[in-house]
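This report concerns only the one structure given below.
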Amino acid sequence: MNAVQGVLYEELENSIRIKKRYIEALLQIKKGCLREKIVNGKRYFYLAYREGTKVKYSYLGKLSEQQIKEYRENQKKRKEYQKSIRTLNQQIKYLRKVVNVRTK
Amino acid sequence: MSEQSELVYRIIEMLDSEGILHNVIVVGSWCIYFYRQHYKEADTLPPLRTRDIEFDVSPLRNFPHKVDIIDLFNKLGFVLDLKGSGFTNLAHPELMIEFLIPEKGRGTDNPIVLKGYGINAQPIRYLSLLEDKLITVNHRGHMVTVPHPAWFSIHKLIISQRRPASQKNKTENDMKQAIAVWDMIAGMGEQKIIQDLLNNIPRGWLKLVKQALGKVDQLERLESIIGNK
């Protein structure tokens, strides 16, 4: 293994490890996005999430502004982490190709 | 501007808005990125940057204002990546953050807990050398603290000789960067700074500098400024 290959191999290991960390972090965040329904002028909330091919709604009821903010932030963070995992997948694919490591 | 550089800017902006930017020192290869912005003679420095950016956080220990650093980086999309015996590292597809602190006395493998910041810093030998002379670089309106290039160069030469054989690539990179920065200082006509520094470091450290330069046939650059010590 030459010097450049050594660096690339290290980068590959880093990308694999970081991806694992993102997956772990993603599992800590509640799945689904907040849906609002107004009935008789009152706001009620549901959590919409996908289960296989179906979209399911779980009733959350009335939420405080703080709770709404937390749900929205979680949703944003989930998207960010998913984007990072996609980037890492691209890095891993590319690095595997250049260091010539066979994927299992 | 690359996504990586933009992320570095967002980190600096965030640390500044929290009032702690002056209390962290950028060390490691990313210093070159800041030298290239600060010195017009730095055009000759290699533009290569690594994914890991290291911060010396020892000045934070004397700073009264406490901040949850992990939470701050989390807001930028970083995730926690504990390493070794619990050193706090933060990871992102574009960057990996390491928090370092100078190793004192006999040293330890255990992390140094920075109370009030939520991080465990990794003690590193010879890091104190970099704290001896610092400069500040204006990075898009934010003042970033980095070691003076002379201290950076000598430190790189020293640590290049302390790396295990398995880190041959890193050793080569250390030496390349050290010599490029030394050349930049010489090009600025400020070799006297290196001379004074070399005359004041412990003999053991000077020996490591000699050893490093000897390996790349560059011993004469040392002898021309401090003789045959």
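No lab work stands behind these numbers, since they all come straight from the coordinates. For clarity, every value in this text was computed on a predicted model and none was experimentally measured. Glycine gets a Cβ as well: all are built from the backbone with ideal geometry, and neighbour counts include every protein chain shown.
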Original post:
Which percent of Cα-Cα pairs in segment A:1-60 sits in each 5 Å bin, short to long?
Top reply: 4, 14, 12, 13, 11, 9, 9, 7, 7, 6, 4, 2, 1, 1, 0
Original post:
Which value does Rg/Rh take for segment B:148-229 over its C-alpha atoms, Rh per Kirkwood?
Top reply: 0.94
Subject >> Tail beyond 16 Å, pair distance distribution of chain A (Cα, percent) >> reply: 68 percent
Subject >> Estimated inter-spin distance, B:Y126 and A:S58, nm [label 7 Å along Cα→Cβ] >> reply: 5.4 nm
Subject >> Rg/Rh (Cα only; Kirkwood hydrodynamic radius) as it applies to the protein assembly as shown >> reply: 1.05
**OP:** May I ask for the Rg/Rh ratio of segment B:91-153, computed from Cα atoms with Rh as the Kirkwood radius, given to two decimals?
**Re:** 1.02
**OP:** Between B:L82, B:L100, B:L90, find the one with the highest GNM mean-square fluctuation for chain B; connect C-alpha pairs within less than 10 Å.
**Re:** B:L82
Original post:
Taking Cα atoms, how many degrees apart are the long axis of helix A:3-27 and the longest axis of chain A, rounded to 10 and kept between 0 and 90?
Top reply: 20 degrees
Subject >> MRE, 222 nm, helices only [DSSP H, n ≥ 4, -39500 (n - 2.57), over chain B, to nearest 500] >> reply: -13000 deg cm²/dmol
**OP:** Evaluate the distance, in nm, between pseudo-label points positioned 7 Å from the Cα of A:Q67 and of B:R140 along their respective Cα→Cβ axes.
**Re:** 3.9 nm
**OP:** May I ask for the Kirkwood hydrodynamic radius of segment B:1-147, worked out over all distinct Cα pairs and given in angstroms to one decimal?
**Re:** 15.7 Å
Original post:
What share of the DSSP beta bridges in chain B is antiparallel, in percent to the nearest 5?
Top reply: 65 percent
Original post:
Residues of A:55-68, mean number of Cβ from any other protein chain within 10 Å of their own Cβ, rounded to a whole number?
Top reply: 0
Subject >> Between 0 and 90°, nearest 10: helix A:65-99 axis offset from chain A longest Cα axis >> reply: 20 degrees
Subject >> Whichever lysines have a C-alpha closer than 17 Å to that of A:K42, once near sequence neighbours (fewer than 8 apart) are set aside >> reply: A:K62
**OP:** Subtracting the Cα-Cα distance from 0.36 nm times the residue separation, let me have the gained length for A:K20 to A:R35 in nm, one decimal.
**Re:** 2.4 nm
Original post:
When you count, for each residue, the other Cβ atoms within 10 Å and take the mean per peptide, how do A:50-59, B:210-219, A:17-26, B:30-39 rank with the highest first?
Top reply: B:30-39, A:17-26, B:210-219, A:50-59
